[in-house]
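Chemist: First the structure, which I've put down as structure tokens, then a few questions once you've had a look.
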Amino acid sequence: MAINEPQGDARERLLRVLREHALVIGEVVLTSGATAQYLVDAKRAILLREGFLALGELVTAQAVAWGATAVGGMTMGADPIACSALVGGADVKAFFVRKEAKTHGLSRRIEGPVLRAGIDRCMLVEDVVTTGGSTIRALEAVRAEGLEVVGVLAICDRLAGGGDAIREAAGAPYVALTTIDEVYPERPDRR
């Protein structure tokens, strides 16, 4: 599949691989600590060629639309998403935010190329948003470095309030490429 296919097609391909490979039915504990009867493990879909290429096209288009010069977020959910922007052709720096700064080497919390305050415009990315906590922690780390956040992009929003929390904390646009309603429309807790 060519990277230059229309974005609507890329979104449909991403949605298809999420449904086929990422949806896990059964009791799981989410990052937030809550228990759920299903999980969207996006990495199971986006680390396959079809999912990665579709994601790269979508992430690149959003980075261009927002004028981002850097794409990243909390490791490990953001890592493949940030890298997909590079494969998709975005002229950006990919970066990863650690939960804590390293205690050795350069003692950095943000890994990757050097990001410059007042110059780089960061697009934060996340695989699956439930409460938004991981994304907000990444946002705080990026802002602590004096960096601008131009928007936040998620692969899938579980529609549990995280999108609103992120939008409020970021004071910037928030976009989810898909929602749980699209990935798992017959889920038992659908409102």
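Readers should treat all values here as calculations from the given coordinates under stated rules, not as data from a laboratory. Predicted model only: the values in this text are computed from it and were never measured. Note: ideal-geometry Cβ built from the backbone for every residue, glycine included; neighbour counts use all protein chains shown.
Chemist: If I filter the stretch 53-73 down to residues being assigned to a strand (DSSP E or B) and of a type in the set (A, V, I, L, M, F, W, C), which single residue comes out as nearest to residue 147 (Cα to Cα)?
Modeler: 70
Chemist: Right, here's the next one. Hey, among 179, 131, which residue is out of contact with any Leu (no Cβ under 7 Å at 6 or more places or on another chain), hydroxyl-bearing (Ser, Thr, Tyr) and within 30 Å of residue 37 (Cβ to Cβ)?
Modeler: Of the residues listed, the single one that is out of contact with any Leu (no Cβ under 7 Å at 6 or more places or on another chain), hydroxyl-bearing (Ser, Thr, Tyr) and within 30 Å of residue 37 (Cβ to Cβ) is 131.
Chemist: Is it the case that residue 36 is surrounded by fewer than 20 Cβ atoms within 10 Å (Cβ to Cβ) and not in a loop (DSSP other than H, G, I, E, B)?
Modeler: yes
Chemist: Further, regarding this structure: Look at residue 28 and say whether it is of a type in the set (Val, Ile, Thr), within 17 Å of residue 158 (Cα to Cα), surrounded by fewer than 17 Cβ atoms within 10 Å (Cβ to Cβ) and without any contact (Cβ under 8 Å) to a residue 60 or more places away in the chain.
Modeler: yes
Chemist: Taking the condition of being acidic (Asp, Glu) and over 17 Å from residue 138 (Cα atoms), how many residues in the stretch 45-100 meet it?
Modeler: Matching residues across the stretch 45-100 total 3.
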